[in-house]
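See below for the structure under consideration.
The values are calculated or read from the model by the stated rules, or taken from the named source; none is laboratory data. Here the structure is a predicted model, which is why all the values come from computation and not from measurement. Heads up, the Cβs are rebuilt from the backbone with ideal geometry, glycines too, and the neighbour counts pull from every protein chain shown.
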Amino acid sequence: MRTAVVRVDVDPSGRLTPAQLAEGMAALRELCIPVGAEVIDVDLSVMPSNRREVEVLLAGDDGETLRAAVVTLCGKAFGDDVLPGVLTFVSRGTDDDAHGVLAGFGLTGDVHRFPSGQGWDIVEVTLNRSDLARVPESRIHTALEASLNSEVRILLR
């Protein structure tokens, strides 16, 4: 399972006081415990009023579902005036990360990993030839290498 970093602007109007921001962070931490989410510790009061953004780590693969869950939690903690931000996924270089990258392109494929004999892994990803009509191989290759930090070979069937 992948880990998402969900960002939410919890004070887009810049109206919350330092005390309200601290109370909101404490409430958000408590709300995140039952769902297995983790709030990255930050002092929102020292951030510019137009950049009071929290980051929450949450396991899952469906970015929209994860974003919606975190926005709901932030709304409960800080009030309804919150805005969703950028969502990214933490990459640990696993096969799940490779499948997640492929899913981001709307693709599925087989992932096979083996040692290079020189201290790093080689990851072979087998895709359907027809998928490359929609997404350039170079984009897929670059995204996989960046996510996996391994040599990637794309094979076609």
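So Thr88 ticks every box in (1) farther than 30 Å from Leu44 by Cβ; (2) exposed (fewer than 15 other Cβ atoms within 10 Å of the Cβ) but one. Which box is left unticked?
Here Thr88 meets the rest and fails (1).
Specify the residue that is surrounded by the fewest Cβ atoms within 10 Å (Cβ to Cβ); the eligible residues are those in the stretch 57-79 that are over 22 Å from Ala103 (Cβ atoms) and touching a strand residue (DSSP E or B) at 6+ places or on another chain (Cβ under 8 Å).
In this case the residue turns out to be Leu73.
For the stretch 27-62, which residues satisfy the criterion of being part of a helix (DSSP H, G or I) and without any contact (Cβ under 8 Å) to a residue 24 or more places away in the chain?
Arg29, Glu30, Ile33, Pro34, Val46
Within the bounds of the stretch 74-84, is there any residue that is among the acidic types (Asp, Glu) and not in a helix (DSSP H, G or I)?
Yes.
Tell me the residue from Arg15, Arg2, Arg52, Arg67 that is charged (D, E, K, R) and more than 22 Å from Val90 (Cα to Cα), please.
Exactly one residue qualifies, and that residue is Arg15.
Scan the stretch 26-41 for residues that are surrounded by fewer than 20 Cβ atoms within 10 Å (Cβ to Cβ) and either closer than 30 Å to Asp95 by Cβ or among the aliphatic types (A, V, I, L, M) (or both) and report the count.
9
Against the condition more than 28 Å from Ala19 (Cα to Cα) and in contact with a helix residue (DSSP H, G or I) (Cβ under 8 Å, 6 or more places away or on another chain), how does Phe89 come out, does it pass?
So Phe89 fits the description; yes.
Given Val54, Val82, which one is among the β-branched types (Val, Ile, Thr), more than 14 Å from the chain's Cα centre (by Cα), crowded, with 19+ Cβ neighbours inside 10 Å and not assigned by TED's automatic domain parsing to the domain that holds Arg134?
Among Val54, Val82, only Val82 is among the β-branched types (Val, Ile, Thr), more than 14 Å from the chain's Cα centre (by Cα), crowded, with 19+ Cβ neighbours inside 10 Å and not assigned by TED's automatic domain parsing to the domain that holds Arg134.
Has the stretch 94-103 got at least one residue that is polar (S, T, N, Q), surrounded by fewer than 16 Cβ atoms within 10 Å (Cβ to Cβ) and either touching a strand residue (DSSP E or B) at 6+ places or on another chain (Cβ under 6 Å) or farther than 24 Å from Leu57 by Cβ (or both)?
No, there is no match, as no residue in the stretch 94-103 is polar (S, T, N, Q), surrounded by fewer than 16 Cβ atoms within 10 Å (Cβ to Cβ) and either touching a strand residue (DSSP E or B) at 6+ places or on another chain (Cβ under 6 Å) or farther than 24 Å from Leu57 by Cβ (or both).
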